Amino acid sequence: MSRGQSPGPHSSKYHHPYFTPAEVEYLSVKQRGKLSAAQEERARQSACAFLEGMGARIGFPRRTIATAQNLYHRFHLFFPRKDFHYVDVSLASLYVSTKMHDTLKKPRELLAVSYAIRFPDLVAKSKHPGGEIDLDAMDPQVVERDRQRLLSVERLLLETICFNFTSRMPFPYVIKLGKAFKAGKKLTKLAWRLTIDCHRTLIPIQYPPHIVALAGLYVAALLSSFELPQPPEEPGLRSPQELAEILGQNGDWESKYQVQVDDLEGIAHTLIDLLVQGSQSQTQNTSPRTPSSPSPNPSPRTPHPSTESQSPSDPFDADKLIRLKIVMRQTEHPPRVRQPLGTADPSALYSGDDVGLLGRNEGTVRFLFGPPGVMGHEIQ
């Protein structure tokens, strides 16, 4: 989003690829309104699950789904939740993401799939063998109204990202870093699944993708070693315990990969909280109204039905995850203070004046692809 100048006939808005935890907390509270933090989290998970369901039905690649989830999170840093239904914002986010990753679908196509997910009774009446909804059989005014609403939110989304269509994903880094740290195939696969779940949180809009990927490896190593017997050594590979010890302490790897151990610990706590939430959930279904993931690919939060029942020895058991968090708190490093990008006064982001200009046709607005001061005095 932008860090704007004073409002007026002419203004500039700067895209900020990442936000500090303090910025995220401030803006989240501001847009949450009267909702509690728990209600906000439920709304966030409903939207993420809905996007997972859309992606699974259409067959979108993971990058399209993950980017849509990121766009949804970013949108609600600047627009109140009470003013928008999560389905409208989710559909607009997915539409923009399909453009960014060249997996384009028309708004009507997205609406048809969304109706099939949201209204199972319409699917039961559909004569289509694939269970799709025939939009021609629906009230054309309803469909057109929903389409216009999608396009309206899309415009706000585009201004929110300052028309910057750059999107870097952490998934390729998981493979590269797994090889660099000599992680086994099973551990790297778990890290990949954890990185997928990271996009259900605000982590990817706070940290660059290589840090998110390395945190996925760190959490995977913790989950694969905490209160578990050590597996037989594999020649040339590090054990999960060894990898967890390396990434849990300061070392040369921090400067080599431009990351700090307290970053990994902060991400780990957020991700483990998400796993606890999923473990404590009593229902595992594909409804977009629950935090469960309908993706055919299992994740640590939403395993296949055959593995849903968790035993005390299961690494994703809620009690065990809580014990892991307690142990981590005892040895964690103090978090450093992260400064906002650029040299502008951080309070400029919070004035609310430039946010109020979004979506309006008043004056001339320049949308710039980077924050001021990052690349010299001017944006290059």
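Helices (runs of 4 or more DSSP H) fully within region 1-107 that include at least 3 residues being at pLDDT 95 or above and under 16 Å from the mean Cα position of the chain (by Cα): 37-58, 62-75, 86-100. A count restricted to region 153-188 and to residues that are of a type in the set (Ser, Thr, Tyr) and touching an Asp or Glu at 6+ places or on another chain (Cβ under 8 Å) stands at 0.
Determine which single condition Phe119 fails, assuming it passes every other condition in (1) without any contact (Cβ under 8 Å) to a residue 60 or more places away in the chain; (2) surrounded by 21 or more Cβ atoms within 10 Å (Cβ to Cβ); (3) more than 21 Å from Tyr173 (Cβ to Cβ); (4) not small (Gly, Ala, Ser). Only one criterion in (1) without any contact (Cβ under 8 Å) to a residue 60 or more places away in the chain; (2) surrounded by 21 or more Cβ atoms within 10 Å (Cβ to Cβ); (3) more than 21 Å from Tyr173 (Cβ to Cβ); (4) not small (Gly, Ala, Ser) is unmet by Phe119, namely (2).
In region 143-162, the residues that are in contact (Cβ under 8 Å) with a residue 24 or more places away in the chain reach residues that are buried (at least 19 other Cβ atoms within 10 Å of the Cβ) and charged (D, E, K, R) with C-beta atoms within less than 8 angstrom, at least six apart or across chains, in these pairs: Glu159/Lys13; Thr160/Arg74; Ile161/Arg74; Cys162/Lys13.
Residues checked against (1) surrounded by 16 or more Cβ atoms within 10 Å (Cβ to Cβ); (2) modelled with pLDDT of 95 or more; (3) under 17 Å from the mean Cα position of the chain (by Cα):
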site: Ser239; (1), (2), (3): yes, no, no
site: Gln249; (1), (2), (3): no, no, no
site: Gln258; (1), (2), (3): no, no, no
site: Leu264; (1), (2), (3): yes, yes, yes
site: Ala268; (1), (2), (3): yes, yes, yes
site: Leu274; (1), (2), (3): yes, no, yes
site: Gln277; (1), (2), (3): yes, no, yes
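Beta carbons closer than 7 Å, at least 6 apart along the sequence or on distinct chains, pair a first residue in region 208-220 that is over 19 Å from Arg338 (Cβ atoms) with a second that is in a helix (DSSP H, G or I) and among the small types (Gly, Ala, Ser) for Gly216/Ala191; Leu217/Gly178; Leu217/Ala191; Val219/Ala268; Ala220/Ala191. Residues considered: Gln260, Gln241, Gln230. Of these, the only one that is of a type in the set (S, T, N, Q) and within 20 Å of Gln206 (Cα to Cα) is Gln260. Only residues that are without any contact (Cβ under 8 Å) to a residue 24 or more places away in the chain, in contact with a Ser or Thr (Cβ under 9 Å, 6 or more places away or on another chain) and surrounded by fewer than 16 Cβ atoms within 10 Å (Cβ to Cβ) were counted in region 221-231, giving 2. Remark: pairs (first residue in region 171-199, free of Cβ contacts under 8 Å to residues at least 40 places away in the same chain and surrounded by fewer than 21 Cβ atoms within 10 Å (Cβ to Cβ); second residue hydroxyl-bearing (Ser, Thr, Tyr) and part of a helix (DSSP H, G or I); Cβ separation under 7 Å; 6+ apart in sequence or on different chains) = Ile175/Thr188. Is it the case that region 123-137 has a residue that's surrounded by 12 or more Cβ atoms within 10 Å (Cβ to Cβ), farther than 30 Å from Pro235 by Cα and at pLDDT 85 or above? The answer is no, given that none of the residues of region 123-137 is surrounded by 12 or more Cβ atoms within 10 Å (Cβ to Cβ), farther than 30 Å from Pro235 by Cα and at pLDDT 85 or above.
In region 42-65, of all residues being of a type in the set (A, V, I, L, M) and out of contact with any helix residue (DSSP H, G or I) (no Cβ under 7 Å at 6 or more places or on another chain), the one that is surrounded by the most Cβ atoms within 10 Å (Cβ to Cβ) corresponds to Ala49. Anything in region 98-116 that is free of Cβ contacts under 8 Å to residues at least 40 places away in the same chain and either touching a Leu at 6+ places or on another chain (Cβ under 8 Å) or crowded, with 16+ Cβ neighbours inside 10 Å (or both)? List them, or say none. Answer for region 98-116, where residues must be free of Cβ contacts under 8 Å to residues at least 40 places away in the same chain and either touching a Leu at 6+ places or on another chain (Cβ under 8 Å) or crowded, with 16+ Cβ neighbours inside 10 Å (or both): Thr98, Arg108, Leu111, Ala112, Tyr115. If the condition is being in contact with an Asp or Glu (Cβ under 8 Å, 6 or more places away or on another chain) and not in a loop (DSSP other than H, G, I, E, B), then region 232-274 contributes Val261, Asp262, Glu265, Leu271, Leu274.
The values are calculated or read from the model by the stated rules, or taken from the named source; none is laboratory data. All values reported here derive from a predicted model rather than from experimental measurement. Cβ atoms come from the backbone with ideal geometry, glycine included; neighbour counts cover every protein chain shown.
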